[in-house]
1. Taking the range 74-128, which residues are basic (Lys, Arg) and either surrounded by 15 or more Cβ atoms within 10 Å (Cβ to Cβ) or closer than 21 Å to residue 50 by Cβ (or both)?
2. Spot the failing condition for residue 54; the list is (1) at pLDDT 90 or above; (2) closer than 25 Å to residue 24 by Cα, and only one is missed.
3. Please determine whether any residue of the range 114-125 is under 20 Å from residue 24 (Cα atoms) and modelled with pLDDT under 90.
4. So for the range 37-48 (the condition being over 26 Å from residue 122 (Cα atoms), among the β-branched types (Val, Ile, Thr) and either within 11 Å of the chain's Cα centre (by Cα) or assigned to a loop (DSSP other than H, G, I, E, B) (or both)), does at least one residue qualify?
5. Looking at residue 34 and the list (1) in a helix (DSSP H, G or I); (2) closer than 23 Å to residue 11 by Cβ; (3) at pLDDT 85 or above, which single condition is not satisfied?
6. Given the criteria acidic (Asp, Glu), modelled with pLDDT under 85 and under 30 Å from residue 126 (Cβ atoms), does residue 89 qualify?
Amino acid sequence: MDKLDGIIQKLMDKGLARLSIVQAIISDFVGAQSQEGDVSDKVKDLAQAIKEKVPSLLASKPGLSVACGIFSILDAKDRKTVVKSLPVEEMLTNKIAHLFLIHIVTTLDDTQLTKKKILNEALKMVDD
């Protein structure tokens, strides 16, 4: 797992988070680390590195799993940053990304941000 941590960091630095094989590797890493019990520092560091790249992770089911796990690990300030940077209109029509929006709505503790960013965008699309 120590070698996998270094490989994942290199892949993130190169901007390869959109590739499904990379998402599967990250999913296995996060799953293996979370089975050990407590969330390790390696996963927390990975969460900090990936928080800007969350929309690119939403291309496959393993990426969705990673995005949901990472979103749960982040603190409230970083969660707000992630939500504000999401392209909600594009995500609403995507067959995988909309599941991440559902995860956000059910787990985010900031109801005003959820209402302004996600629900207003969704209602605009329904009206159209």
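1. 77, 79, 80, 84, 117
2. All conditions are met except number (1).
3. No: the range 114-125 contains no residue that is under 20 Å from residue 24 (Cα atoms) and modelled with pLDDT under 90.
4. Applying the first criterion (over 26 Å from residue 122 (Cα atoms)) to the range 37-48 yields 37-48.
From what is left, the residues that are among the β-branched types (Val, Ile, Thr) are 39, 43.
Those still in the list that are either within 11 Å of the chain's Cα centre (by Cα) or assigned to a loop (DSSP other than H, G, I, E, B) (or both) too: 39.
Yes - at least one qualifying residue is present in the range 37-48.
5. Of the numbered conditions (1) in a helix (DSSP H, G or I); (2) closer than 23 Å to residue 11 by Cβ; (3) at pLDDT 85 or above, the odd one out for residue 34 is (3).
6. Details: acidic (Asp, Glu): yes; modelled with pLDDT under 85: no; under 30 Å from residue 126 (Cβ atoms): yes.
Criteria not met by residue 89.
The values are calculated or read from the model by the stated rules, or taken from the named source; none is laboratory data. Fair warning: this is a prediction, and the values are worked out from it, not measured in the lab. All Cβ positions, glycine included, derive from the backbone under ideal geometry; neighbour counts span all protein chains shown.
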